[in-house]
Amino acid sequence: MTKPLGFRFFVLVIRRSCFVIFEMQLHTPITLVTGPLGSGKTTLLRHILAMHPARFAIVMNEFGEIAIDSKVIEGKNVRIAELGGGCVCCSLLGEFEAAVTEIIKKVAPEIIIVETTGLAEPEALVFNIREALAECRLDGVISVIDADMLVRFPELGHTTRLQIEGADILLLNKIDLVDSKQIEPLETKLREINPSAAIVRTERCRIDPELLFGIPQSREKKIVPPRHEHQPEFESFTFSSDNIFSRDCFERFADTLSANVIRAKGFVRFPDSVQLFNFVAGRWELEPFEAAETQIVFIGKEVSKQKSAIIGVLRECEV
């Protein structure tokens with residue numbers, strides 16, 4: 001069944017030591033990670049968790065029925081609790097507050113990171129943190145921007161513009177996919193939208209994590225509750241299979257995937273390995289991963305009309 005705009009929520013608690021910490025901070029810092037679909041937000045989280053020694057709690061908001069991103073990040077040191085359906089910046093704000101409060105009481109993290117879906121508008125969450133979570137403080141808003149997408153699709157949508165405007169740090173990611181001469185014009189475009197944010201060029205979101213935390217806050221004016229509108233044209237559907245897939249056939253499938261599909265992600269079982277599949281507007285890659293079955297989420301505009309055709313081509317790749 002094709003799903004319209006709908007989200008899944010997960011809380012991931014990263015335990016960095018085997019003992020319990022009883023002393024809690026007066027105001028637990030919260031860092032928001034936002035950015036368009038497929039820009040590299042989960043890649044940034046994986047990098048932070050691999051490089052930074054702090055005790056983290058991660059609240060993850062996913063688009064689609066299957067929680068691919070949380071499976072990519074979870075491991076033996078991660079506990080996951082599902083909070084239910086809805087959007088982090090909209091219908092689930094009340095539940096989000098309760099979850100954060102419980103996390104602080106039970107886990108006492110040093111830092112909470114919230115990764116929003118690529119369709120979320122961060123200013124609603126910023127307002128909620130400042131007005132309703134007295135035990136927390138907003139540490140910073142990090143927006144991950146896909147340089148390649150910005151070159152190929154220069155017209156910015158409403159949500160992407162808000163994600164740029166609300167950032168303290170803009171990670172201009174995937175600069176390795178564009179010509180070096182195109183990078184400065186992209187930075188100029190970002191500065192025109194947000195002149196105060198720091199812009200950091202990255203490949204695969206590789207950045208010193210220390211640069212992302214303890215950001216000085218200059219927002220002194222009171223934030224008014226934002227008007228919040230989602231992009232109803234985005235839909236998602238999922239595909240699952242216990243079968244093995246031909247890699248050559250699947251690669252041909254990825255090369256010819258419909259232009260309506262903006263984002264696809266998941267796990268694919270081939271005869272010799274399982275691979276993490278990442279697709280963003282025509283570009284795709286495979287990365288070795290461990291998973292029990294093939295699961296892929298497809299996100300795009302009016303993808304329900306092509307669901308049968310897409311799944312039909314995938315079935316032809318089953319061994």
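The values are calculated or read from the model by the stated rules, or taken from the named source; none is laboratory data. Keep in mind the model is a prediction, meaning the values are calculated, not measured. Glycine also receives a Cβ, built like all others from the backbone with ideal geometry; neighbour counts cover every protein chain displayed. The area values use the complete protein model at the heavy-atom level, side chains included, leaving out ligands, DNA and RNA. Shrake-Rupley method; radii C 1.70, N 1.55, O 1.52, S 1.80 Å.
Among the residues making up segment 162-195, a single one is among the small types (G, A, S) and free of Cβ contacts under 8 Å to residues at least 24 places away in the same chain: S180. Return the residue satisfying two criteria in turn: it lies in segment 175-196 and is among the hydroxyl-bearing types (S, T, Y) and in a helix (DSSP H, G or I), and of such residues it is surrounded by the fewest Cβ atoms within 10 Å (Cβ to Cβ). Out of the qualifying residues, it is S180. Restricting attention to segment 137-163, the residues that are more than 30 Å from I104 (Cβ to Cβ) and either touching a Gly at 6+ places or on another chain (Cβ under 8 Å) or not acidic (D, E) (or both) total 14.
For T101, the criteria (1) buried (at least 24 other Cβ atoms within 10 Å of the Cβ); (2) at pLDDT 70 or above hold in every case but one, which is (1).
Scan segment 19-51 for residues that are assigned to a loop (DSSP other than H, G, I, E, B), modelled with pLDDT of 85 or more and within 14 Å of I111 (Cβ to Cβ) and report the count. Number satisfying all stated conditions: 1. Scanning segment 48-58 for residues that are touching a Pro at 6+ places or on another chain (Cβ under 7 Å) and within 13 Å of E210 (Cα to Cα), we see that the one that is surrounded by the fewest Cβ atoms within 10 Å (Cβ to Cβ) is M51. Do we have A259 as within 23 Å of the chain's Cα centre (by Cα) and either within 19 Å of L177 (Cβ to Cβ) or polar (S, T, N, Q) (or both) here? Taking the combined requirement at face value, the residue satisfies it. If only residues of segment 52-64 that are under 15 Å from G118 (Cα atoms) and not aliphatic (A, V, I, L, M) are counted, the one that is modelled with the highest pLDDT is N61. Taking segment 258-319 and the strands (runs of 3 or more DSSP E) fully enclosed by it, the elements with 1 or more residues that are open to solvent by less than 50 Å² (accessible area, probe 1.4 Å) and among the polar types (S, T, N, Q) are at 274-280, 294-301. For segment 199-212, the set of residues classified as farther than 10 Å from V144 by Cα and open to solvent by less than 30 Å² (accessible area, probe 1.4 Å) consists of I207, P209, L212, listed by residue number.
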